[in-house]
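Any read-out appearing in this document is the output of simple, stated calculations on the displayed coordinates, not a laboratory observation. Here the structure is a predicted model, which means the values were calculated and not measured. We place every Cβ from the backbone using ideal geometry, glycine too, and count neighbours over all the protein chains shown.
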Amino acid sequence: MPILILIMGTSVLRELELFFYCWRNLTSEHESRYQGKHVPTVAVADGKATVSVPHGMADDHWIEYVWAKNQDGVVIAVVKLTPTDSPSLTFDVPEGTTAITGLESCNLHGSWSSEPTSL
């Protein structure tokens, strides 16, 4: 079962900072080859948002984290995944949120981001 963290703790923030620090500068070849399985989608309905990643989950290749940022770049939800979890995150949209960007980190192909979804 994935662990959903809505209130950011210090250790989780440090882990996310490491992911941002290690964010890959992807070449256009790499991007076109892996984009279809890595770019998250954001869906919003009835006050809930879901960030999904069309990626398989295996012991040697999986999505490690899925998170969401608001219009100000503030992380509003994050989930740490294991290879047996589904690569998605569902959460209540915080009041005042006008846009959500979905992000994910693949253990082999780095971090990927959606375009912002306006609410």
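Among the residues of segment 31-41, is there at least one that is hydrophobic (A, V, I, L, M, F, W, C) and buried (at least 19 other Cβ atoms within 10 Å of the Cβ)?
no
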Number of positions in segment 107-119 that are without any contact (Cβ under 8 Å) to a residue 60 or more places away in the chain and either part of a loop (DSSP other than H, G, I, E, B) or closer than 15 Å to Glu64 by Cβ (or both): 4
Check on Asn70, crowded, with 19+ Cβ neighbours inside 10 Å and out of contact with any Cys (no Cβ under 7 Å at 6 or more places or on another chain): yes
Filtered residues of segment 81-106 (kept if surrounded by fewer than 14 Cβ atoms within 10 Å (Cβ to Cβ), part of a loop (DSSP other than H, G, I, E, B) and of a type outside the set (Ser, Thr, Tyr)): Glu95, Gly96
Tally of residues being assigned to a strand (DSSP E or B) and touching a strand residue (DSSP E or B) at 6+ places or on another chain (Cβ under 9 Å) across segment 44-78: 19
